[in-house]
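Chemist: Structure in structure tokens, see below.
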Amino acid sequence: MLPNQSPQPPQYHILIVDDEVKICDLLSSALKGKYYVDTACSGEEAFHKIDSTDYDLVVTDLKLGDKSGIDVLRHAKERDDHIEAIIITGYASLDTAISAVNFGASSYLVKPVSLINFIAQVDRSMASREFYIRSAAFLKQTSSIEPEMQRHLLNITDIYEFSRKLLTSLEVPEIMKCFLEELNKKVNPVFSAVGVSLFGTSEIYAMPRVGRVPAEQIRDSLLQNWDKAFGLLNRNNLLQNNISFVLFDGPSGEPQPLTVSSVSTVPMIIAGQIIGSIAISGDNIELQTEEFQFLHILSSIFTPLVEHSYVHKRTKLMAETDGLTGLINHRTFQQVLSREIARANRNRTQFSLLMIDIDDFKKINDTYGHLIGDAVLTDMTKRLQASVRQQDIVARYGGEEFTVILPETDIHGANILAERVRSAIASEPYSFSESEIPYTISIGLCVYDGNLPKEKHLLIENADKALYISKNEGKNRITIK
């Protein structure tokens, strides 16, 4: 059952944009009596309506016939920077929808849209719109009060907007970019940076206030002021490229000279532990007590979200990869293979699949023990990754079996690459202490043709059969099925 309609008369204007009339009608009906609702079935129609009406919320599909939902969102934001926006997307466009949040969308919904979720999202967006309208009106009414009070009220509004933006994503880079953008607007530095050390990983994210600055200049500036900025992190790790360093471009404009004479920092604290710091670098920049207080409040909101995003990243990695080799695991391989089949069918292209097995691996385990067996699997992984191309997808299928998906590769190209892999393994033994273990692999190769679609399990069966033939006919060889 849908939530009860509000007894209050409509006061907010909403525009729903989708190139399917049925979806426009469905979503519009769900809001009937609660809000004023217009619909548009094309990007061009949406542009005209946005130009002629003051909307409080735009709900748009990402994929429209003539324009994209991002175009509609940008146009709405040009007219009213504080307009609320909700993006609707299919699973295939989820990454784009998340990016749309960075353009100012309040949130996104994934098709098929639940009307209960849709109404809840709209109500939340309207509550935010009401908060903004009242805050703006209140600030106008208080123009005669002391500047200190005005700044305090602006800070409250800024904290609210900042929190909303941060809560739209769990991805570390997006959270960092959002935070640095807001920080630069607030304190006007030459550049700002965040350094984090969590779960054995150290990373630095930085952004100049304006324009694009060479990464080496930002990096050198951080090294010169290391103790002030990131004393928590090991300076030598950045010099040896053991700390991941990500530099975002600032808003478009003429970059400032990278003159840094002062660095102000705010620690990132969670459960009593310092996990990083926020560094503001500038030319004689001096933050007032009130500004430091504001930054500490931002840090208290930002830091738990950063920790949560790193936990999410780590959990996702553990779910998708094999713990020993670091390759994608069997479950993820199945998902990737399904996507590759769909792409080949859509584009009428070919791709190849290698099924690989280490010959006589049981003898290695029985002779040298499972620890050495694991070391051989790791050695195999390194050689395999060094032999394939950047676009190829390597997975641990299970036990001593590996697979390689070769996108847009025909039988001839796949056979050449398979021979390169086989030769890389057979060319030299695995060495440890003063011992050597020679080992080889057998490979089964098959090609998927998008012009002749077939079930995924048949493709895997064919590769398996080819591998079985290689094993039975002497091992250390390639069989094409």
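The values are calculated or read from the model by the stated rules, or taken from the named source; none is laboratory data. Only a predicted model underlies this, so the values are computations on that prediction, with no experimental measurement involved. As a convention, Cβ positions derive from the backbone with ideal geometry for all residues, glycine included, and neighbour counts pool all protein chains shown.
Chemist: Which one is farthest from the chain's Cα centre (by Cα) among residues in the range 323-368 that are acidic (D, E) and not in a helix (DSSP H, G or I)?
Modeler: Only one residue fits best here, namely D360.
Chemist: Would you point out which residue out of D392, D379 is over 25 Å from S431 (Cα atoms), of a type in the set (D, E, K, R) and surrounded by 13 or more Cβ atoms within 10 Å (Cβ to Cβ)?
Modeler: D392
Chemist: Please work out which one of (1) loosely packed, with under 14 Cβ neighbours inside 10 Å; (2) in contact (Cβ under 8 Å) with a residue 60 or more places away in the chain is the condition R339 fails and give its number.
Modeler: It fails just one condition, (2).
Chemist: Looking at the range 270-284 only, could you name the residues that are closer than 18 Å to Q224 by Cα and modelled with pLDDT under 80?
Modeler: D283, N284
Chemist: For the range 188-223, give me each residue that is buried (at least 20 other Cβ atoms within 10 Å of the Cβ), closer than 17 Å to V260 by Cα and among the aliphatic types (A, V, I, L, M).
Modeler: V190, A193, V194, A206, M207, V213, I218, L222
Chemist: If T259 meets every condition in (1) crowded, with 16+ Cβ neighbours inside 10 Å; (2) outside any helix (DSSP H, G or I); (3) at pLDDT below 85 apart from one, which number is that one?
Modeler: Only one criterion in (1) crowded, with 16+ Cβ neighbours inside 10 Å; (2) outside any helix (DSSP H, G or I); (3) at pLDDT below 85 is unmet by T259, namely (1).
Chemist: Moving on to the next point. With the requirement that a residue be under 16 Å from I358 (Cα atoms), assigned to a loop (DSSP other than H, G, I, E, B) and among the hydroxyl-bearing types (S, T, Y), what does the range 420-435 give you?
Modeler: Passing the criteria: only S427.
Chemist: Any chance the range 387-396 includes a residue that's without any contact (Cβ under 8 Å) to a residue 40 or more places away in the chain, in contact with a Gly (Cβ under 6 Å, 6 or more places away or on another chain) and assigned to a helix (DSSP H, G or I)?
Modeler: Scanning the range 387-396 turns up no residue that is without any contact (Cβ under 8 Å) to a residue 40 or more places away in the chain, in contact with a Gly (Cβ under 6 Å, 6 or more places away or on another chain) and assigned to a helix (DSSP H, G or I).
Chemist: I'm checking my understanding of the structure. Among residues of the range 43-90 that are surrounded by 17 or more Cβ atoms within 10 Å (Cβ to Cβ) and among the small types (G, A, S), which one is nearest to I119 (Cα to Cα)?
Modeler: Only one residue fits best here, namely A85.
Chemist: While we're looking at this one, here's another question. Select from the range 30-83 the residues that are free of Cβ contacts under 8 Å to residues at least 60 places away in the same chain, out of contact with any Lys or Arg (no Cβ under 9 Å at 6 or more places or on another chain) and of a type in the set (F, W, Y) and list them in ascending order.
Modeler: Y36
Chemist: Checking the condition touching a helix residue (DSSP H, G or I) at 6+ places or on another chain (Cβ under 8 Å), buried (at least 19 other Cβ atoms within 10 Å of the Cβ) and not in a strand (DSSP E or B), which residue from L417, L467, L445 passes?
Modeler: Exactly one residue qualifies, and that residue is L417.
Chemist: Moving on to the next point. Being more than 20 Å from the chain's Cα centre (by Cα) and either in a helix (DSSP H, G or I) or modelled with pLDDT under 90 (or both) is the filter here, so list the residues in the range 298-322 that pass it.
Modeler: Passing the criteria: L298, S299, S300, I301.
Chemist: Does Q293 qualify as being within 30 Å of E161 (Cβ to Cβ), out of contact with any His (no Cβ under 8 Å at 6 or more places or on another chain), free of Cβ contacts under 8 Å to residues at least 40 places away in the same chain and assigned to a helix (DSSP H, G or I)?
Modeler: Considered against the rule, which asks whether it is within 30 Å of E161 (Cβ to Cβ), out of contact with any His (no Cβ under 8 Å at 6 or more places or on another chain), free of Cβ contacts under 8 Å to residues at least 40 places away in the same chain and assigned to a helix (DSSP H, G or I), Q293 comes out as yes.
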